[in-house]
1. Any residue in the stretch 77-84 that is more than 30 Å from residue 288 (Cα to Cα) and out of contact with any Asp or Glu (no Cβ under 6 Å at 6 or more places or on another chain)?
2. Just one of (1) at pLDDT below 90; (2) within 60 Å of the chain's Cα centre (by Cα) trips up residue 3, so point out which.
3. Could you grab me the full set of residues in the stretch 85-109 that are without any contact (Cβ under 8 Å) to a residue 12 or more places away in the chain and touching a strand residue (DSSP E or B) at 6+ places or on another chain (Cβ under 7 Å)?
4. Taking residue 77, is it of a type in the set (D, E, K, R), surrounded by 10 or more Cβ atoms within 10 Å (Cβ to Cβ) and either in contact with a Lys or Arg (Cβ under 7 Å, 6 or more places away or on another chain) or within 30 Å of residue 190 (Cβ to Cβ) (or both)?
Amino acid sequence: MDDVPGELTDEEILKRAEDIKKTQEAKKAEELKRAEEIKKAEEAKKAEELKRADEIKKAEEAKKAEELKKAEVLVNEEQARKAAEAKKAQDAEKASNLEKEVARLAAEKAAAEEAAKKAAAEEAAKKAAAKDEQKPKKSHKGLKIFGILLLLLIIFAGVVVISADVTITAGTDKSYGYDTTYNVWIPLDKELNIGGYKVIALSPSSGSIMMISLGGVTYPLTVNYVTYVPDQIATLTIFWGKVTVMKLQYEVALTYLGNTNNNEAAFRMLISSDRQLPEFIITFFLSSSGVKVQSI
């Protein structure tokens, strides 16, 4: 076959096709490279966004933790303040009761002195009427001794009353042979300290229902509902804890009767004990703690 001017030979056609193929492959490789770079850039951008989101989340969590910590500090401070106020009020009440007791003893002492003076005056009148010097002198002397003994007895009784205290500790399960029943009235929303045992009658205004807190444990109340105080040991001492007078174990059943118009919760209190309880001791210590008492 003769060569035709202007026509490509087979070799030239193959070479040109090969060049076109290489050009296309290079172009495709370039496009793939660009696509890969775009993909990497997007992944880097996404990773950066995720990092920023994680940093924002950690910052918010740290802020929330700090706010919770501040709130907890505020709650603890408020609880400490309330406890300090309650203790201050309790100390003030004790001081007031002590002042009243001292005033009562002073009044009794004055009355005893007045009675002794009156008795001495009557004795002196008898002495003048009888015109017997020796016998009235002896009688007057005996009356003076009696007056001094009476005064010392009153002072001793006052010291015993002022220094008397009851300490309450946990007891063990046992059977009891004596029962005593009282009606008691506990002020609402006021913490009472009965021998170190904390009692609070919580009114419905403090929550949704009437409740009572006994030794730190809170119980819901409804009328005629019975709440039990577990076995305890009461130790009665005088002279500021130096002399133990009595130690007994007991348990208490409180039947809720309702609230009065004087902001008090009324209960029927059954005390079961291992020995007979003198009524004046129960009345004195409950009354001095702020509880009204009436024996049944």
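The values are calculated or read from the model by the stated rules, or taken from the named source; none is laboratory data. Note that the structure is predicted; figures quoted are calculated from it, not measured. Cβ: placed from backbone, ideal geometry, glycine included. Neighbour counts: every protein chain shown.
1. Looking only at the stretch 77-84, we keep the residues that are more than 30 Å from residue 288 (Cα to Cα), and these are 77.
Next, from what is left, pick out any that are out of contact with any Asp or Glu (no Cβ under 6 Å at 6 or more places or on another chain): 77.
Yes, there is a match, as at least one residue in the stretch 77-84 is more than 30 Å from residue 288 (Cα to Cα) and out of contact with any Asp or Glu (no Cβ under 6 Å at 6 or more places or on another chain).
2. (2)
3. In the first step, residues of the stretch 85-109 are kept if they are without any contact (Cβ under 8 Å) to a residue 12 or more places away in the chain; the result is 85, 87-89, 91-92, 94-96, 99-100, 103-104, 106-107.
The answer is none; no residue qualifies.
4. Yes; evaluated as a whole, the condition is true for this residue.
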